[in-house]
Each structure stands twice: as structure tokens, then as C-alpha cells.
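Engineer: Would you mind keeping the following structure in view while I ask a few things?
The values are calculated or read from the model by the stated rules, or taken from the named source; none is laboratory data. For clarity, every value in this text was computed on a predicted model and none was experimentally measured. Here the Cβ is made from the backbone with ideal geometry for all residues, glycine too, and neighbour counts use every protein chain on show. These accessible areas exclude ligands, DNA and RNA; they are computed on the full protein's heavy atoms, side chains included. Shrake-Rupley method; radii C 1.70, N 1.55, O 1.52, S 1.80 Å.
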Amino acid sequence: MVDRYCVTYGLNLLEFSYCLQLQERDGNNIDSLSENDQIPEFEDLDVSNQTSQITDKRLNSYEDAKGVFIWTQKHLQSAQQYFTLDERCSDYVDLVRDMSQLYKYLSYFEKDDDNKCKMHRRRADLLEPLNRDLSPTHYLLTIRQILFELGEIFSDMVDFKRARWQTQPTNPHFAKKVNTLVRQSILYFETFLDTMRVEGKRPEKYNDDNVRPALLAHFYIGRMYSKFVVAPNSHEELNNVNQTYEAYKSIVDYCKKHPEALEKVEEELSACSEMVKLLPVKMEQIRRNLTV
């Protein structure tokens, strides 16, 4: 059990530092803890053995984050000796997902995009076997969460690989890699939505817990179709823009039909509403200039 607590501590420290970095990047002031906010300590509890191995301070650099990552990974691997897939499946799955999150937060501190992409690839390698092996009958909610996370992982990888392609837009290998990752992301988000089908059909109304993730999946799908690398003014480009339009329109239509969903996707809905107005114009321009 000690190993599990160590994993939780290390993961929370990485997440906490990651969130502070994001807030500062967005221009939010981070106030330090006041004297009244200090966390109480157990004065008679000797934890010097642990505090000598791991910090209790905010992480500010890749070197700091990597040290916490390695320490946490060691305890996670130790915990996996006891929490195995066959005997303690739920705990094992939680540990694998924790490992994915460790890579996620570590990647934020990494400066090199290729290394970031490798970390996300490692996350996918961890989660994809779970998606294959878990029973939907017993682990449907967990499978949904894994599918959504996989969709996000490949979406992040698309951004890194597309940025690389833009430095060499004539390189067919880079373009092919982008398109492969786009298809993977779309596949996982589509599969995620398919798990919500009722009698083979997607529900007209999602239950309250599923509204935001379901609409976000549509948002991601629309965004991914806009990331394909294809010839300009081609039928492929026209189809991709139309798929983006349909995905965004489905969110706008859903919120019109179910206004209570608006507050759950307010920011995304604003972007979708704008794009639903603009994309038909773009499609018409492509139709007038079709070359392939």
C-alpha cells in the first residue's frame, strides 16, 4: 500500500506543478500560501527517509520533473508486482492509467517536440492493450475513459507531427505520418461515441454525466478532419471540410435542442457556432476551384 500512496503523491505533485505552469502561462497570478494556509505537519512522525528522496516543492524544470517521475515510476512498478491484471484487475488498470498520466505531465516540461511525441506514443502503448483486453460487460466506464484518453493522445501527437510537416511541407513521409495519426484519433473518438449506442443507435440525448465528453468527442473529430494533409482544392479537402462542418454542426444542433447542455460546452459551442457560419463559404470556394 505504501507504494500506491507514493504513486499518488508523485503524480499529484507533477499535476500540481503542471497546473501552476498553465495558470502562469495564461497570465494568472499565483499567490503563495499565507501563514494561515500552511499544511499542518505531524511533529512526532519521522518521514526523513522519504523526504530525502522526494521534494515537497513545486517543480519548475524538466530535471525537477524527471526526478519525481523516476521516483514515482519505481514505486508504481513495485506496486504492479502485487496488483496484477489477473488477480486485482481494477487496481492494475488504475496503475497503468497513472503511468500514462505521469508521462503526460512530464511531457509538458520537455522542450523537444520529438521527445514529447515519444512520451505520448508511450502512453498509447500502455493504454491500447487495456482497451483490447478489458471486458465491456464489466468495465464499460473504464473503457470509455481509456478510449477518450487515447483520442486525446493521438490528437496531441497530430499537433507535434503537423508542426514538423509544416517545416518541410514537400516531405511525403511527414504528411503520411500526420494523416495516420489523424485517423487514429478519429477512430478512438468514434469508438468512444459508439459505446453510448442504444439498440445500435446513438442516443438523441446523453445522460448528464456523458454530455460534455460526448460533445467534446464530436469537437475533437471535427478538429481532426481539419488536420489532414491533402492536396488543396481537391475532393479530399472538400470532404474533410464537410466532415468538420458536420461535427461542429452536431454540437450546435444538440445545444439548440437541449439548452441545458450549453453551460457544459460554452467555450467550444462559441467556436463551433462561428465555424458553422464560415465553413460553407470555404466549401463553396473549394468547389469552384476543384482540381483533383
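Engineer: Tell me the net charge near residue 254. Cut-off is 10 Å between Cβ atoms, residue 254 excluded, with +1 for each Lys or Arg and -1 for each Asp or Glu.
Structural biologist: My count for the surroundings of residue 254 gives +2.
Engineer: Let me ask something additional. Would you kindly find the accessible area of residue 273, with a 1.4 Å probe and non-protein molecules such as ligands, DNA and RNA excluded, rounding to the nearest 10 Å²?
Structural biologist: Its heavy atoms expose roughly 40 Å² to the probe.
Engineer: Could you pull the Cα extents of the range 85-160 along its three principal axes, largest to smallest, in whole Å?
Structural biologist: 40, 20, 14
Engineer: On to the next question. With the dipole of the range 148-292 worked out from charges on the C-beta (+1 for Lys and Arg, -1 for Asp and Glu) around the Cα centre, which of 286, 226, 181 lies farthest toward the positive end?
Structural biologist: The listed residue farthest towards the positive side: 286.
Engineer: Let me ask another. Please list 284, 110 in order of solvent-accessible area, largest first, computed with a 1.4 Å probe with all protein chains present.
Structural biologist: Ranked list, largest accessible area first: 284, 110.
Engineer: How many nm separate the modelled label positions at residue 63 and residue 84, each set 7 Å beyond the Cα in the direction of the Cβ?
Structural biologist: 4.1 nm
Engineer: May I pose another question? Around residue 213, with a cut-off of 10 angstrom between Cβ atoms, what is the net charge of the other residues, counting Lys and Arg +1 and Asp and Glu -1?
Structural biologist: +2
Engineer: Which of 176/201; 118/277; 104/264; 177/256; 104/227; 74/177 have a Cα-Cα distance over 31 Å?
Structural biologist: 176/201; 118/277; 177/256; 74/177
Engineer: Along the charge dipole of the chain, pointing to its positive end and built from +1/-1 on Cβ of Lys, Arg, Asp and Glu, which listed residue (250, 129, 106) has its Cα farthest out?
Structural biologist: Result: 250.
Engineer: A further question follows. Compute the whole-percent fraction of alpha carbon pairs in the range 99-230 spaced more than 27 Å apart.
Structural biologist: Cα-Cα pairs of the range 99-230 separated by over 27 Å account for 23 percent.
Engineer: Could you check which residue among 66, 201, 118 shows the biggest mean-square fluctuation in a GNM of the chain with a 10 Å Cα cutoff?
Structural biologist: 201
Engineer: Right, here's the next one. Sort 286, 70 from largest to smallest accessible area, using a 1.4 Å probe on the heavy atoms of the protein chains.
Structural biologist: 70, 286
Engineer: Can you tell me the dipole magnitude for the chain around its Cα centre, using point charges on the Cβ only (Lys, Arg +1; Asp, Glu -1), in Debye to the nearest 20?
Structural biologist: 1900 debye
Engineer: So what's the gap between the Cα centers of the range 209-231 and the range 58-89, to the nearest angstrom?
Structural biologist: Computed from Cα coordinates, the inter-centre distance equals 31 Å.
Engineer: Related question: Compare 193, 95, 20 in a GNM of the chain, Cα atoms joined below 10 Å, and give the one with the largest fluctuation.
Structural biologist: 20
Engineer: Debye calculation, C-alpha points only, no solvent: report log10 I(q)/I(0) for the range 200-269 at q = 0.19, 0.25, 0.26 Å⁻¹, in the same order as the q values.
Structural biologist: -0.75, -1.05, -1.11
Engineer: Answer with a single label: of (i) 81, 47, 30; (ii) 74, 47, 32; (iii) 77, 47, 41, which was calculated as Cα extents along the principal axes in Å from the structure in view?
Structural biologist: This structure yields the entry labelled (iii).
Engineer: Once the Cβ-Cβ distance between residue 8 and residue 210 is put in as r, and R0 is 25 Å, what FRET efficiency do you end up with, to the nearest 0.05?
Structural biologist: According to the calculation, E is roughly 0.40.
Engineer: Same structure, new question: Leaving out ligands, DNA and RNA but keeping every protein chain, what accessible area does residue 5 have, in Å² rounded to the nearest 10, with a 1.4 Å probe?
Structural biologist: 150 Å²
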